[in-house]
Every structure is written in C-alpha cells, then in structure tokens.
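For reference, the structure is listed below as structure tokens.
All of the numbers you see were taken from the coordinates with simple rules; none came from a lab. Being a predicted model, the structure only gives us computed values, none of them experimental. Neighbour counts run over all protein chains shown; Cβ positions are idealised from the backbone, glycine included.
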Amino acid sequence: MMKSLRMSALAAALLATTSVAAMAEVVYHRGNTADPETLDQHKTSTTYEAHILRDLYEGLVAYSAEGKIIPGVATEWKVSEDGTVYTFTLRDNAKWSNGDPVVAGDFVYSLKRIMNPETGAKYATVLYPILNAEAINKGEKPVDELGVKAIDDKTLEITLAAATPYFIDLLGHQTGLPVHPASVEKFGTDFVKAENIVTNGPFTLAEFVPNAHIKATKNPNFHDAANVGIDTIYFYPTEDRGAALRRFQAGELHTNNDAPTEQVEFMRKELGDQFRVAPYLGTYYYALNHEDEGLSNPDVRQALSMSIDREFLADEIWGSTMVAAYSFVPPGIGNYGDPAYADYKDMSAIDREDKAREILEAAGYSESNPLKLTINYNTSENHKNTAVAIADMWKPLGVEVALVNTDTKTHYAMLRDRQDFDVARAGWIGDYSDPQNFLFMVESDNTGFNYARYNNPEYDKLMDDAAATVDLEKRAALLKEAETLFMRDLPFIPLMYYGSMNLVSDKVAGFEDNLLNIHPTRWMSISE
C-alpha cells in the first residue's frame, strides 16, 4: 500500500512538472531594424513595418515560411476567363481578436479605405489594378465605385480594370491586410493603439514603447492558433547593427534582420550557420533630386553614376553580401528578360572615371569650380561607409560632398514629404516578382515613392501601356523601354542588388531563407 502511495505521489509530481513546463511562456526576441513610423497598414511603406503587420493581421492570402503565397482568410479563389474578376471564398473560422467574425464586408471596407484620398495612403498604388482604384485615389471618382463587392459574408468579389497576372501576389503585401471597421470608425487614427487595436492575425498588439520595443501576444481567436508555437514576440528597433550583433551574441536576441557588413568575416567565422546570407529581390540606390540646380542636368547625373565603383562597394564595404547593380530592376525577376543595363556596365573603373570627369568639365564643374552636393542617409554603419566611399569616388571629379545622417523614420519622412535634398540613400525590396513593382516608383504621380520628382510623360505612357497589355511578352518589351528611359534619365542611381543578411539563433526553427526575406513568426518555434 505504501509503495502504491509513493508511486502515485511520484506520478503526480511528474505530471505537475510536465504541466508547468507545458505552460511555460515561449518568448521570441526579434531584432527589426527600426521603430515603425506607423502600424496603420494603409499608411505603411517599409519592410520593418511589414514584419510586424504580417504577424498582427492576415489578408485574403498569406505567406508560408518559404515566402510563398498560400491561402489566408480566403480558402480558395476563382478567376474569370478574361482574368478580370476574382471571387474569394472566406474561411468559416476566421475571427478578429475580439471574437467578431471576419466577413467579406471587412475587406470591402478596408480596400475602400486605402483608396480613399482622405486616408493619405502612400502605398495605395500597389492596388491600382482594381477597377477604378486609381481614379478614386486621385479624387476623380467616388469611393463606392471601387471594383469590390461582398456577395455575402463569406464571398468577396474583386473586379480589375485589366487582367493582372501578379494580382494575387499583390494581395500578399501589407496594404492588402484588413482593418477592423468598427475600431476604425470608433477610434479613427487611434485604432492602432494597443488599448484599441483589434487584429485578425496570429498575434495582437500588447504594447508599443517607442525606441524600446513592440510587444505582441498570441491571438487565441486566430483560426490556426493551435499550431502557433510562440506566445509573445518582442520587436526591438536595431538601427545600430553592431549593437544588435553584440545583443545576439549575448543571447538577448533570437534573430536580427540585418548585420554589420564591416564584421562579415568575423560573423562567418564565429557564428557559422547562425549568420545567413541569401539572394534578395531588391535594389540599393541613391535618389537624385531632379529639381536641384546641378542635378537637373542629365549629363551630370550620368557622370555621377558612371564614376561609382559598385564592385568596391559590394565586395569591400558590404563584404560580398551585395552584388554590383547596373540596372534598377534586378536580374532574374519574373515576367521579364534581361534588365536595361547601363551603357558603361562593361567599362573599366578607370575608364569610367576619366569619362565622368570629361562630362562634368563640359558641364562646367571641376576642382576649381566644384559641384557641391549633400548625401542624406539613414542611421547604419553600412550606409555611412557607403556614403563616405562614394564621396571619395566623386572627389577627383571636382565634387564636394557633405554627409547628413538621421534616424530611419526621419529620413524616409523627409523623402516622402518632399523636403529639400540633393542625394539620398534608399532601397527598394520587391513586394512581388515583377518589374512593374520597381518601375512604378518613378511614375510622375507616385508622390509617395518618386523621391527624385521625376516627370517624363513618355515614361508614364509606357507604364500605362504596359498595365493595359495582357500579352506578357509585349508587356515585358514595354517595361524594358521604360527602364531604358530610366537608365538614361537616372531618377535613381542603382548601386547594388541586395542580399539579405540575418542573424538566426540555433534555438530558432522555422526561419527559412527566401527571396522576399519574409519570415512570419507564425511558423517559428524556439527551444531552450
């Protein structure tokens, strides 16, 4: 009898221990480049905001761990024969974090909100393929004429202006994430605050402490909550890549979405597989202000671009984690052939420098009469070192450069608000694998991303014609013509094609390298 009691007591103790272990909170400490400027999915514009928003919300479609489009709130969709009408069937168990069902009307409300010019969505252009979207966003038509309709609570119909082969990919972008209509109506722009927010994704916002962290907790109402292995995420702004590396080594961060390039060799040696470099669909570039007196001359812009030793930047400054770029559209992108490369791509660096000096002298600039420029860049040793190197490359041409550094949020606000600048560092990561996603940035009416204030009717017409062309080969040819104009006029100087750099602890599973560098927390788990 005593032995039986002892065995029962032992079993109870083991059960209690197991229960405590099972209940232990799984916390993910995630480095994320910078504080978001906004958590309003209709006003967002950066990748570090997207990482957070994809954890808080689920769109009609979502992303797998491998960065592939998968069903989200919609379990399936059908497309009309002419490719213009999409009918989505919504899952029965989709809920908001407050328990409300997610219905087709929520997406109708959300899509109308982002197109409403009063919202001020800088990224509304992503969804312009929807019927009347562009005219509505420009205030030319009423919002109710948007090509979206709720057939019933579980059936959504979206009509496009023309067949768009990559439309489903567009819906994976953060601008396709829904808002909770009742919360927006009640709180207005304050719907994003932790005490007000209602989300429909794997997580919901618990707190936002600027310059410290964002805390998100598991959403028990998410339809796949049972398979979400993380209970709490802390997103930390890690603009200082060196500090982020030290925090990673100390075990304070499980992952970080960038790394200090000046320490690449150290990381490869000391971190092994925990330092990951992978191909990335993006271009690192300098925007040139076409309204600047000196830069308004296209010959000057060409000379500045020609004289930059991109191989040096990619290999020496960025530790071979980047590739020299001589086009704005990265090679290998879908629905395209070879991009429109710069004419001087195959010239030697010395010949390019000599030619650039001749061009600037013909434009009236030399060491005795220098072209004075300021390069603005956002906080990062990587960006600083790049700017310093380019200033050195321009110096022999008679170009005097001053450097201005601000934090990421201030830097991009300056560009989007069209404040004065000469040259500004920026980068573009493809939201979907199609050249339009790069070339649309400098259409004259794209005030959100046309930092250069480029205005070329011929370019705009080519982009409009491409948008109306269903034949993919003909469309690609039109886009190639547009990129050829881009490389002639240089609103942006392409510098390097991105490679993604991530620090990923051995304790993390489910973090899969992919071309879009998208890593939803939903698929991850952490072991201690």
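Karplus-based coupling profile of the stretch 438-443, in residue order and whole Hz: 9, 6, 5, 4, 10, 4, with θ = phi - 60° in 6.51 cos²θ - 1.76 cosθ + 1.60 and x standing for Gly or Pro. Across the stretch 185-321, the relative contact order, built from alpha-carbon pairs under 8 Å that are at least six residues apart, equals 13 percent. For the stretch 377-423, the residue among Thr410, Val399, Ala389 whose Cα projects farthest onto the positive side of the dipole built from Cβ charges is Thr410. Taking a ≥ b ≥ c as the square roots of the eigenvalues of the alpha-carbon gyration tensor, the stretch 278-500 is classed rounded because a/c is under 1.5. Across the stretch 265-381, the relative contact order, built from alpha-carbon pairs under 8 Å that are at least six residues apart, equals 24 percent.
About its Cα centre, the dipole of the chain is roughly 1740 debye, where the only charges are +1 on Lys and Arg Cβ and -1 on Asp and Glu Cβ. Across the options Ala363, Met501, Asn378, the greatest Cα extent toward the positive end of the charge dipole of the chain (unit charges at beta carbon of Lys, Arg, Asp, Glu) belongs to Met501. Applying both filters, DSSP loop and at most 14 other Cβ atoms within 10 Å, to the trypsin sites (Lys or Arg not before Pro) of the stretch 135-192 gives Lys138. Fewest-first ordering of Glu528, Glu207, Glu157, Glu25 by other beta carbons within 10 Å of each residue's beta carbon gives Glu528, Glu25, Glu207, Glu157. The GluC sites (Glu not before Pro) of the stretch 35-106 that meet both conditions, a loop assignment by DSSP and at most 11 other Cβ atoms within 10 Å of the site Cβ, are Glu81. Here the stretch 28-232 is assigned +1 on the Cβ of each Lys and Arg and -1 on the Cβ of each Asp and Glu. Its dipole about the Cα centre then comes out at about 220 debye. Computed about its Cα centre, the charge dipole of the stretch 278-500 is approximately 400 debye, with only Lys, Arg, Asp and Glu carrying charge at their Cβ. For Ser500, the residues whose amide H sits under 5 Å from its own are Ala278, Tyr280, ignoring neighbours fewer than 5 places away on the same chain, with H placed 1.01 Å from N. Of the GluC sites (Glu not before Pro) found in the stretch 362-420, those in coil by DSSP whose Cβ has at most 15 other Cβ atoms within 10 Å are Glu367. Taking Lys and Arg as +1 and Asp and Glu as -1, the other residues whose beta-carbon sits under 10 Å from that of Thr44 total -1.
Would you please classify the overall shape of the stretch 28-232 from the alpha carbon gyration tensor, given that a ≥ b ≥ c denote the square roots of the eigenvalues, rounded means a/c under 1.5, and beyond that prolate means a/b larger than b/c while oblate covers the rest?
Since a/c reaches 1.5 and a/b is larger than b/c, the shape of the stretch 28-232 is classed as prolate.
Between the residues Ala340, Val300, His519, the greatest Cα displacement towards the positive end of the dipole of the chain, with unit charges on the Cβ of Lys, Arg, Asp and Glu, is found for His519.
At 0.36 nm per residue, minus the direct Cα-Cα distance, what do Glu311 and Lys395 gain on full extension? Give it in nm, one decimal, please.
Working: separation 84, 0.36 × 84 = 30.24 nm, distance 1.82 nm.
Length gained, Glu311 through Lys395: 28.4 nm.
Summary of packing: across the peptides 418-425, 261-268, 431-438, the per-residue average of other C-beta atoms within 10 Å ranks them, highest first, as 431-438, 418-425, 261-268.
Provide Ser527, Ser366, Ser380, Ser307 in ascending order of the number of other Cβ atoms located within 10 Å of each residue's Cβ, fewest first.
Numbers: Ser527 10, Ser366 14, Ser380 21, Ser307 24.
Listed from fewest to most nearby Cβ atoms, that is Ser527, Ser366, Ser380, Ser307.
The HN-Hα couplings worked out from phi for the stretch 405-412 by the Karplus form 6.51 cos²θ - 1.76 cosθ + 1.60 (θ = phi - 60°) are 10, 9, 5, 4, 4, 5, 4, 6 Hz, whole numbers, x standing for Gly and Pro. The string of couplings for the stretch 110-118 from the Karplus curve (6.51, -1.76, 1.60, θ = phi - 60°) is 5, 5, 5, 5, 5, 7, 4, x, 5 Hz, one whole number per residue in order, with x for Gly and Pro. Computed over all pairs of different Cα atoms, the Kirkwood value for the hydrodynamic radius of the stretch 172-286 is 17.2 Å.
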